[in-house]
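Reviewing the structure listed below.
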Amino acid sequence: MNIIPKRQAMHLFRQTPGARLAAYCRGRYRWAGSVCYYQGRKVRDIPGVLAVFAERRQDRHGPYAVLRCVTLR
């Protein structure tokens, strides 16, 4: 499975009944300056996960990226 743009993931989320947003993993990744840096990268397939996308966050230590997913569970 590849990381897709958040816009596509939100479209899939709205179109799929029973879908919800969840954390894909608990890790924080170094912010590379753009979400485009993460798009297209391969991630592990997990049953029930429809899409994975990167999201920018920020705390007192600076910006970072987290991976979120659209799931059926």
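Extent of the stretch 6-71 along each principal axis, from alpha carbon coordinates, in Å, largest to smallest?
So the three principal-axis extents are 37, 21, 20 Å.
Arrange 42, 6 by Cβ neighbour counts within 10 Å, fewest through most, would you?
Fewest-to-most Cβ neighbours within 10 Å comes out as 42, 6.
Nearest 10 degrees, 0 to 90: what angle lies between the long axis of helix 6-15 and the longest principal axis of the chain (Cα atoms)?
20 degrees
Find out how many positive minus negative residues lie around residue 6, taking Lys and Arg as positive, Asp and Glu as negative, among other residues whose Cβ is under 9 Å from that of residue 6.
+1
Gain in length, residue 12 to residue 29, computed as 0.36 nm per residue apart minus the alpha-carbon separation, to one decimal in nm?
Separation in residues times 0.36 nm, less the Cα-Cα distance, equals 3.7 nm.
Bear in mind these aren't lab numbers, they're just calculated from the coordinates by the rules spelled out. Computed from a predicted model, the values in this text were never measured in an experiment. Backbone-built Cβ (ideal geometry, glycine too); neighbour counts: all protein chains shown.
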